[in-house]
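Undergrad: The structure under discussion is supplied below as structure tokens; questions concerning it will follow.
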Ligand code: FES
């Protein structure tokens, strides 16, 4: 009986083991209160269901220095950053970006500069 993993090819040395890596800010100053924890949970569940454990990894992230624009979600290797993601956006994000490879335009982070973009109160 096979566990499915043994049949996968061995990657080149240093090659990333996942096709895509998603980070969701859940531990900073603002994203947790803006729904980051719920977005992470939903993203993790749908990514596992629609992409499997091998292709996509969804991780919690600490503050991504974009406080006030969250919840922030990043997708690598594309280096695409999403802002203001809500739980209701997750199915579209998973289907369009993680399954089909097309970033979701309406959720892209916009108007930011290189480095930290923290909203001060
Ligand atoms: S709290 Fe999410 S970017 Fe800082």
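Undergrad: Confirm whether residue 88 is in a helix (DSSP H, G or I), more than 16 Å from the ligand (Cβ to nearest atom) and surrounded by fewer than 14 Cβ atoms within 10 Å (Cβ to Cβ).
TA: Yes, satisfied.
Undergrad: Name the single residue that is surrounded by the most Cβ atoms within 10 Å (Cβ to Cβ) among those in the stretch 9-57 being in a loop (DSSP other than H, G, I, E, B) and in contact with a helix residue (DSSP H, G or I) (Cβ under 7 Å, 6 or more places away or on another chain). Steps first, please.
TA: So the first thing to find is which residues in the stretch 9-57 are in a loop (DSSP other than H, G, I, E, B), and the list is 9-19, 26-30, 35.
Narrowing further to those that are in contact with a helix residue (DSSP H, G or I) (Cβ under 7 Å, 6 or more places away or on another chain): 18-19, 26, 35.
Working: 18: 15, 19: 14, 26: 22, 35: 18.
This residue is 26.
Undergrad: On the given criteria, is residue 31 under 14 Å from the mean Cα position of the chain (by Cα) and near the ligand (Cβ under 10 Å from one of its atoms)?
TA: When the stated conditions are applied, residue 31 passes them.
All of the numbers you see were taken from the coordinates with simple rules; none came from a lab. Keep in mind that what you see is a predicted model, and the values were worked out from it rather than measured. Quick reminder, even Gly has a Cβ in these numbers, built from the backbone with ideal geometry, and neighbours come from all protein chains shown.
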